[in-house]
Structures are given as structure tokens and as C-alpha cells.
Amino acid sequence: MESNILNCIRTFTGFSETCSSSELGVICSDSSPSLFIVVETSSTSPAYPLMEGTNVTLKCVSSQRGLSHLNFSWPETAGGRPSGEFLIFDNLTRSHNGGRVRCMASYGQPPRTQIATSDTFATDVYYRPVVRIKWEGNMCEPLESSPSRCVVSQYQQIILYCEADSNPPPASTRWSGQVASATGQLYIPSVERSWHNGRYICTVSSKPVSSDGRQTLSSTHSFSVIVKYPSRILKFEVNAGMRRVVTVPEHSPVYMRCEAEGRPSPHMTIVRDTVDKREVASRPRGAVEFSDQRVVLTYNLTAAPCEASGDYRCEVDNGVGKDIQNIRIYVMCKYFLKHELPAKTVLLWHYYV
């Protein structure tokens with residue numbers, strides 16, 4: 001009943017520094033229960049508080065000598081597996097932290113059966129920081145397929161927050177990557193597509209416990225920022241030439257190539273600028289990807305007819321921005337009959353004459 005452990009030693013008789021039993025310990029309690037819950041120590045679980053990822057066995061023991069034929073039960077298990085006087089935990093997780101555990105035992109013969117119960121024991125489980133990334137408002141567009149990625153528009157402001165839950169509680173948080181921060185907040189006032197697009201790492205460490213060699217506990221969380229930017233045409237050429245007006249002989253090959261960039265990669269079309277604006281080639285818009293995205297669209301005429309003369313344009317659109325470039329092609333016709341050819345083709349022929 002002493003309030004200080006040093007006072008207990010003074011009451012001992014025949015005190016020795018060695019003991020014949022390995023089951024030696026001290027229990028402090030405001031009540032006087034006849035049952036106590038102790039941790040069965042082993043090489044894989046050598047200390048208390050308990051550690052996530054370990055297997056632990058709790059034992060219900062009686063403080064009263066001479067009791068026999070005890071029948072143990074566990075009214076509160078905190079997710080453990082009862083087995084007589086033992087409560088077994090396989091692979092502890094953070095969900096076990098704070099779980100309520102209590103054991104009971106019946107003893108004696110009917111009709112004088114008596115019940116003993118322990119105090120309720122709240123498990124204390126150390127676990128590494130569980131990291132979450134948050135942001136303000138709608139400045140970040142999450143990807144459902146990858147929750148660890150965030151899509152933002154170029155030149156937009158972004159503020160990311162790294163939060164964590166751990167036992168012991170978090171003591172330090174830092175960001176590393178294209179931009180670093182010694183706090184849980186990562187602030188980029190104006191996102192630039194080539195400098196800020198990339199992967200960022202948040203590292204959280206728990207509060208150290210000087211008496212426990214298992215400390216400190218830390219976790220890292222990788223988070224990618226993908227910067228969207230408008231699509232633009234890099235090249236629109238015919239037969240590997242960059243001229244805006246191209247002349248080719250009739251029945252010669254014509255190879256159109258349009259190269260563009262953008263994040264996401266743009267929807268691309270090559271359109272012949274006729275009355276009905278006929279689309280001759282296209283490719284769909286791509287998904288938002290982490291890396292730079294350059295795409296190419298081609299249109300080939302192995303033997304260009306006289307009627308292929310006209311204006312062609314490449315159009316790109318990725319939802320962030322659009323771009324257009326034009327090329328004019330003249331096909332020089334060797335033989336023709338005026339009444340068999342479209343008016344536009346005849347005018348082009350007169351141009352060359």
C-alpha cells in the first residue's frame with residue numbers, strides 16, 4: 001500500500017538482488033484487484049509499450065496465493081485472441097493502441113464459486129507516423145487512380161500540408177524535393193511547369209523517448225505534383241521541310257507531320273480546309289502523365305493527285321490551351337482536261353503557267 005517503491009524495499013526481509021523466478025515485476029494501481037494483466041516478454045516483444053508489427057501475449061495472473069482451478073475469461077479483448085489465461089495478439093497494428101483489455105476468473109466449488117476481475121487495461125502500442133497530404137480549397141485536382149498525385153495549372157499557387165498520426169506523437173515534419181520546407185507546410189506561390197513538376201517527399205519523425213532504444217520512429221510519404229500547361233505545335237511540316245507553302249509534282253509522295261506538346265497531351269487533328277473542313281487524320285487527347293508529353297500526328301499521300309492541292313492545318317487542344325498552324329500545298333498537274341477538274345485546281349494550274 002506504499003506510495004513510493006523505495007518504501008517497499010524497507011519492509012522486505014532477506015532481500016536479495018537475485019531471484020529464482022523470472023516472473024518478477026511491479027504493478028501500481030489505485031484499486032486492489034485480485035487479478036492483474038501482465039505482458040509475457042520474449043525476444044520479439046521485449047518491452048512495453050508494445051510495438052506495431054510484433055506478436056504479443058498478455059497473461060492474467062492472480063495476486064492471491066493458493067487459488068487453484070481458476071477458469072479465466074476475457075470480457076474485453078481489444079481484438080486479441082483469448083486462450084485460457086492468455087490473450088494473444090498476432091501482428092499488432094496501430095488499431096490496437098488504446099484498446100481495452102480486462103480479464104476475469106472464477107474459482108471455488110459451487111455453490112461457493114467466486115468471481116475475480118482485473119482493472120481495465122488500455123494497451124499502449126507504438127506505431128510509426130501515418131502520413132496524410134492535404135491542401136487548401138480546390139487548388140489541387142486529385143487523380144482517383146493515384147491519390148498520391150495532384151494536378152495543378154501552371155502559374156497557380158499551391159499550399160500542401162503534411163499531417164501525421166503516430167505514437168509517440170509527431171515531433172518534426174519536413175519536405176524535400178524541388179522545393180524544401182522544415183515545417184509541415186509546403187508553399188509554392190507560382191507553379192512553373194519544368195521546375196516544380198515532380199516528386200516531393202514528406203518525412204515525419206515521432207517524439208523521441210530517451211529511455212527506449214526503439215525510438216525515434218519515422219515515416220516518409222511520396223507525393224507528386226503534376227503541372228498542366230497549354231498545348232502548342234512545335235512543328236508542322238511537309239516532306240521534312242518547314243516551308244508554309246509547298247509545291248510538289250503530281251503523283252509524288254506527300255508526308256505531313258505535326259508535332260505538339262502539352263500536359264495532358266493534346267487532341268490533334270489535321271484538317272483539309274475545304275468547304276466541309278474535312279478531317280484527314282486525328283489522335284485523341286492523352287491522360288495526365290508525370291513526364292513531359294510530346295506527340296506526333298502524320299498524314300501520308302503516296303501519290304498526291306492534282307485534287308490534293310489546297311490548305312491544310314494542324315489543330316491541337318488539351319483543354320488547357322489550343323494552337324493552330326497552316327500549310328498550303330500546290331500539286332503541279334502534268335495533264336488535265338479543264339472540264340474534268342475542279343475550278344480551284346484549274347486556277348492553281350494557271351498560277352504555275
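The values are calculated or read from the model by the stated rules, or taken from the named source; none is laboratory data. Bear in mind the structure is a predicted one, so any value in this text is a computation, not a measurement. Positions of Cβ are backbone-derived with ideal geometry, glycine not excepted, and every protein chain shown enters the neighbour counts. All accessible areas refer to the heavy atoms of the entire protein, side chains included, with ligands and DNA or RNA removed. Shrake-Rupley method; radii C 1.70, N 1.55, O 1.52, S 1.80 Å.
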Notebook entry, point to check: At residue 180 and residue 3, where each label point lies 7 Å from the Cα along Cα→Cβ, what is the point-to-point distance in nanometres?
Noted result: 5.2
Margin query: Give the lysines reachable from residue 334 as a straight Cα distance under 22 Å; neighbours fewer than 8 places away on the same chain don't count.
Written below: 344
Margin query: Taking all protein chains in place and a 1.4 Å probe, what share, in percent, of the accessible surface of the stretch 139-270 do carbon and sulfur account for?
Written below: 51
Check: Ignoring ligands, DNA and RNA, what accessible area per residue does the stretch 149-302 give at 1.4 Å, in Å²?
Finding: 49
Notebook entry, point to check: Going by average Cβ neighbours within 10 Å, how do the peptides 279-292, 73-86 rank, with the highest at the top?
Noted result: 73-86, 279-292
Note to self: Give the aspartates and glutamates whose C-alpha is closer than 19 Å to that of residue 59, dropping any in the same chain fewer than 8 places away, or say none.
What the structure shows: 23, 40, 76, 85, 90, 119, 124
Checklist line | Gain on full stretching of the segment that runs from residue 274 to residue 326 - 0.36 nm per residue minus C-alpha separation | finding: 17.4 nm
Next item on the list: Return the subset of 134/228; 228/277; 235/322 for which the Cα-Cα distance in this structure is over 25 Å, preserving the input order.
Entry: 228/277
